[in-house]
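Quick notes on the structure that follows.
The values are calculated or read from the model by the stated rules, or taken from the named source; none is laboratory data. Quantities reported herein were computed from a predicted structural model and do not represent experimental measurements. Here the Cβ is made from the backbone with ideal geometry for all residues, glycine too, and neighbour counts use every protein chain on show. Just so you know, the surface numbers come from the protein's heavy atoms only, side chains and all, with ligands and any DNA or RNA stripped out. Shrake-Rupley method; radii C 1.70, N 1.55, O 1.52, S 1.80 Å.
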Amino acid sequence: MSDTVSSRMIVLGSGPAGLTAAIYAARAGLQPIVIQGIQPGGQLTTTTDVENYPGFRDVIQGPWLMEEMQAQAEHVGTRMVWDHIESVDLSRPPFRLKGDSGTTYVADTLVIATGAQAKWLGLPSEEHMKGKGASACATCDGFFYRGKKVAVIGGGNTAVEEALYLTNHSQDVTLIHRRDSLRAEKILQDRLFANPHIKIIWNAEVEEFLAAGEPETLVGLRLKDRVTGAAQELSVDGAFVAIGHKPATELFQGKLALDEDGYIAVDVGSTRTSVPGVFACGDVMDKIYRQAVTAAGTGCMAALDAEKYLAAQEYQALAAE
């Protein structure tokens, strides 16, 4: 027999956005429930050194930061639940979510903070080198490669922007693209071609991330020319995979307005979605910044927006009596 759990607010996702929303909601007396999903703590749990989150003079570890955020959320009254939501009913409030545990969750407001996952090449050596030279975020990790040789893999806006950004730290940046032309906007291409610190390897795909040393670190990439089949090795200290992100919005297709890239659409300057009472924060609605601190900021916004929505609903109910 399945259980039913009710709350004034359910937060779906437990990264910086979801936990910040929960902290604000709990302090407002909303007794939020956070459903953690398949990756509790979000992407920061797969990150090692974090040097750009405010409040810490020394480098901190991503998993530790998320443990502290969760502990803070629980300390102020958040209930954490380990479950994976397999279906949602947003047709009218209260909203209903069905977990694969068999539990049904019912909420007056829903905050969606399911995030987005960076796309990777899918190579075993790439998986092995994550956090040891392989990254999917130049803004997050570029600082650690000051004065070193780095490569960016991709050919769209993200790849070009990351290559340009990395020149703030490195004078030796190589962009690797599997085609003979870029897909990025022309203005970005112009900036890339004009930058003397960026080289481009065309028609090449990465076959292997090369490691050496103890502990192991990235020392290079094995490339294959897609036209001639010739192989070459490129010596690099860091490799940034920039082939896009995929927002975790499968649950909400046909139930919430999504933009052309599948991110949840929100009203400008808010976290309100196309369904009143449903709010979105963090990387699931932000495809531009994708930083832990900006995710936390939108989590705060979502909690305040939800609190305002509930207050308005209560006022309307009283006025109707």
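Miscellaneous remarks
- Every condition in (1) surrounded by fewer than 17 Cβ atoms within 10 Å (Cβ to Cβ); (2) at pLDDT 95 or above; (3) out of contact with any Lys or Arg (no Cβ under 8 Å at 6 or more places or on another chain); (4) polar (S, T, N, Q) is met by S87 except one, and the failing one is (3).
- Among residues of the range 146-185 being among the acidic types (D, E) and either over 20 Å from the mean Cα position of the chain (by Cα) or open to solvent by less than 10 Å² (accessible area, probe 1.4 Å) (or both), the one that is modelled with the lowest pLDDT is E185.
- Qualifying position, being without any contact (Cβ under 8 Å) to a residue 24 or more places away in the chain and either surrounded by 14 or more Cβ atoms within 10 Å (Cβ to Cβ) or under 18 Å from C281 (Cα atoms) (or both), among Q61, Q36, Q72, Q43: Q61
- The lone criterion from (1) open to solvent by 10 Å² or more (accessible area, probe 1.4 Å); (2) charged (D, E, K, R); (3) touching a residue at least 12 places away in the same chain (Cβ under 8 Å) left unmet by E126 is number (1).
- F143 farther than 30 Å from G277 by Cα, at pLDDT 95 or above and surrounded by fewer than 17 Cβ atoms within 10 Å (Cβ to Cβ): no
- Here is the figure for the range 269-314: residues that are closer than 17 Å to K246 by Cα, among the charged types (D, E, K, R), crowded, with 17+ Cβ neighbours inside 10 Å and in contact (Cβ under 8 Å) with a residue 40 or more places away in the chain total 2.
- Condition broken by E260, with the remaining ones in (1) open to solvent by 50 Å² or more (accessible area, probe 1.4 Å); (2) closer than 30 Å to L97 by Cβ; (3) at pLDDT 95 or above satisfied: (3)
- Residue match in the range 60-81 (condition: in contact with a helix residue (DSSP H, G or I) (Cβ under 7 Å, 6 or more places away or on another chain), of a type in the set (G, A, S) and at pLDDT 95 or above): yes
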